[in-house]
Amino acid sequence: MISKILIANRGEIAVRIIRAAKELGIETVLVHSTADKESLGVRLADQSVCIGPPPSTDSYLFYQNIISAAEGLKADAIHPGYGFLAENPLFAEACRAMKIKFIGPRSMVIRNMGDKAKAKALMKESGVPVVPGSDGIIESIAETHDIIKKIGFPIIIKPSAGGGGKGMRIVYRQDELEKAYNFASNEAQQAFGDSRVYIEKYIGNPKHIEVQILGDRHGNVVHLFERDCSIQRRHQKLLEEAPSPTVDKETREKMGEIAIRAAKSVGYDSAGTIEFLYDRETKKFYFMEMNTRIQVEHPVSEEITGIDLIKYQIRIANEEELDIKQEDIIRRGCAIECRINAEDPENNFNPSPGEITQLIVPGGPGIRVDSGVYPGYKIPPFYDSMAAKLIAWGNNRREAVERMKRALDEFHIEGIKTTISFHKKVLKNKEFLSGQYTTDFVSKFFN
Ligand code: MV4
C-alpha cells in the first residue's frame, strides 16, 4: 500500500497532487529547487526537500537525485505531474528498479506512445482511425511520391520524436517538398536528437479534441468524454472546455468508444488522453497522439463528471480495481478552464515573472481555482509561466461562460502582467461563443 508519495513537480500541479494525497490519507513529500523554496506546495506538503539549483536540468529533471530522495525519505511512490519527468520512460523504469511505484502507466507504453509514428501504426492496427499518410517513417523524399499520389497535397511532415507541434512543416506543392523535408528532418535532429519524420494529409482548420481515459491494472478502461482544446497559441493551450460545443451525440459516443479501444490496445493502466484532429466539415476524427500523463486541463473533465482524476491515478498505481463502470460516468453541464499565465498578452505573450504584490482570487458558485501562488509570492523566471487555472462550471455552456466572465472580473493580480485580459476578450468573441472556433482562432483574432 502507498503510504507516502514523493511529488516530482512544482507549481499548481504539486498543490493539486498534495490535496488528492491528503484526502486519501497518504503522506506527501515535495522536492523543490532553491528557486521554489517559498512555493505554496512546500508550505502544504507534509515534508519538503531541496534537490538542486534553479535550472530544471539540475533539479526537476535530475532524476537520480529525486529517486535517492525518495529512498532516503521512505516514499513508496512518485507522482511526476506533467512536463519534466512525466513522459520519460527511463524515469519510470528507474523508479521500478528501486521498488518505488511510478504513478503513471507502464514504461513500455510511455516509450511506444512517445514515438509518434509507432503510436500511429499501433493505433491503425487496432482499428483506430488515423490520418491517411505514410503509416510510418519515411527514409527519403523518393518514398513520398507514391503516398502523395494517393493522398494529394497539402501534406504535413511531422517529426516522430516530437509531439505538440514542434518541427512540423506543411507542404502545399511538389516544388516545396524537398526543402521542407530537409528542413523538418534537420529540425527534428536538432530538437529531439532524432531526424525521423513521417507524412500525413494536411487537414485544414481542424479542432483539437481529446478524450480523457482511465485504465486500471486489471484491464478495465473508461472514458470521461472529450475536451475541446482548440484555443491555443503556438501549440500552447490557453483555454479548454468540456464537452466540445461542436461535437454531436453520435460523434461523442464514437470518440469515447474509439478512445477506449485505443487505450485497451496498448494495455493502458493510468489516467491518459487520446488526442484527435476533428474535421468539422466531414465530422470525421483522426487519432493524433496519446499523452501518457495527467494533463494541465484535466479539471474540466473532473468538473463535468465529478471524478477526481488524481485520486484515481494514485489508487490505480496502488493496484486497486476501478470502482466505476462506464455507465456510472454521467456527464453534467459544461466546464471551461482559463490558464492564468504570468505573460503580457499585449506584448507577444512575453513572460512576466516577479512578485505578486496584491491578489484577490474569485470564488462563489461553480468556480474552482487551482493555483500555486499567494500574495507576496515571487514567480521565478526559470520555469513555465502558468500561475493559476480558473475553472468555471455551469449547468449549460451559457452559464459556464457567464460565470467565467464574472470570475475573471473578480480576479485581481497586481505586480505582474497576466492573461486575464486576453481571456475577457475571448469570452466576448462571437466565434468563441458560437463554439465553431478552430485551431487558428488565436492567430486570427489576437495577432
Ligand atoms: C495536424 C494538423 C493538420 N493535419 N495533422 C499540431 C500539434 C501536433 N500534435 C499535431 N498538430 C497538427 N497536426 C494533420 N494531418 C494540424 C495540426 C495543428 C494543430 C493541432 C492541434 C492544435 C493546434 C494546432 C495548430 C496548428 C496545427
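Regarding Ala92, is this residue part of a helix (DSSP H, G or I) and within 16 Å of the ligand (Cβ to nearest atom)?
Numbers: part of a helix (DSSP H, G or I): yes; within 16 Å of the ligand (Cβ to nearest atom): no.
Considered against the rule, which asks whether it is part of a helix (DSSP H, G or I) and within 16 Å of the ligand (Cβ to nearest atom), Ala92 comes out as no.
With the structure loaded, tell me whether Glu200 is charged (D, E, K, R), within 20 Å of Leu122 (Cα to Cα) and within 13 Å of the ligand (Cβ to nearest atom) or whether it fails that test. Walk me through it before giving the result.
On the way: charged (D, E, K, R): yes; within 20 Å of Leu122 (Cα to Cα): yes; within 13 Å of the ligand (Cβ to nearest atom): yes.
Against the criterion (charged (D, E, K, R), within 20 Å of Leu122 (Cα to Cα) and within 13 Å of the ligand (Cβ to nearest atom)), Glu200 qualifies.
Going by the structure shown, is Ile13 outside the structural domain of Gln295 (by TED's automatic domain parsing) and buried (at least 24 other Cβ atoms within 10 Å of the Cβ)?
The answer is yes for Ile13.
Just a yes or no: is a residue in region 170-181 farther than 24 Å from Asp228 by Cα, part of a loop (DSSP other than H, G, I, E, B) and of a type in the set (A, V, I, L, M, F, W, C)?
no
Condition first: in contact (Cβ under 8 Å) with a residue 40 or more places away in the chain, in contact with an Asp or Glu (Cβ under 6 Å, 6 or more places away or on another chain) and either in the same structural domain as Ser39 (by TED's automatic domain parsing) or among the basic types (Lys, Arg) (or both). Can you find one or more residues in region 351-359 that meet it?
no
Could you go through region 197-210 and let me know if any residue there is more than 30 Å from Gly256 (Cβ to Cβ) and in a helix (DSSP H, G or I).
no
Quickly run through region 126-167 and pick out the residues that are within 10 Å of the ligand (Cβ to nearest atom), over 15 Å from Met290 (Cα atoms), part of a loop (DSSP other than H, G, I, E, B) and touching a Lys or Arg at 6+ places or on another chain (Cβ under 7 Å).
Across region 126-167, the qualifying residue is only Pro132.
For region 99-125, give me each residue that is assigned to a loop (DSSP other than H, G, I, E, B) and without any contact (Cβ under 8 Å) to a residue 24 or more places away in the chain.
Scanning region 99-125 gives a single hit, Lys99.
Test of understanding: among Lys284, Lys264, Lys237, which residue is of a type in the set (Lys, Arg), in contact with a strand residue (DSSP E or B) (Cβ under 7 Å, 6 or more places away or on another chain) and closer than 25 Å to Lys166 by Cα?
Only one candidate qualifies: Lys237.
Return the only residue of Glu253, Glu226, Glu240 being among the acidic types (Asp, Glu) and more than 16 Å from the ligand (Cβ to nearest atom).
Glu253
Kindly indicate whether any position in region 316-335 is within 30 Å of Phe382 (Cα to Cα) and either among the acidic types (Asp, Glu) or assigned by TED's automatic domain parsing to the domain that holds His423 (or both).
No, because not a single residue in region 316-335 is within 30 Å of Phe382 (Cα to Cα) and either among the acidic types (Asp, Glu) or assigned by TED's automatic domain parsing to the domain that holds His423 (or both).
Restricting attention to region 77-93, which residues are at positive phi and surrounded by fewer than 24 Cβ atoms within 10 Å (Cβ to Cβ)?
Gly83, Phe84
Out of curiosity, is Tyr286 of a type outside the set (S, T, N, Q), farther than 21 Å from Ile103 by Cα and touching a Phe, Trp or Tyr at 6+ places or on another chain (Cβ under 7 Å)?
The answer is yes for Tyr286.
Which numbered condition in (1) touching a Phe, Trp or Tyr at 6+ places or on another chain (Cβ under 7 Å); (2) buried (at least 16 other Cβ atoms within 10 Å of the Cβ) is the only one that Arg96 fails?
Failed condition: (2).
With respect to Phe445, determine if the residue is among the hydrophobic types (A, V, I, L, M, F, W, C) and over 30 Å from Tyr374 (Cα atoms).
yes
Filter region 259-287 for residues that are in contact with a Pro (Cβ under 9 Å, 6 or more places away or on another chain) and within 23 Å of Gly435 (Cα to Cα) and give the result.
Phe276, Leu277, Tyr278, Asp279, Arg280, Lys284, Phe285, Tyr286, Phe287
Identify, from the list Phe102, Phe183, the residue that is among the aromatic types (Phe, Trp, Tyr) and either in the same structural domain as Met255 (by TED's automatic domain parsing) or at pLDDT 95 or above (or both).
Phe102
The values are calculated or read from the model by the stated rules, or taken from the named source; none is laboratory data. If you're wondering where the values come from, they're calculated on a predicted model, not measured in any experiment. Neighbour counts run over all protein chains shown; Cβ positions are idealised from the backbone, glycine included.
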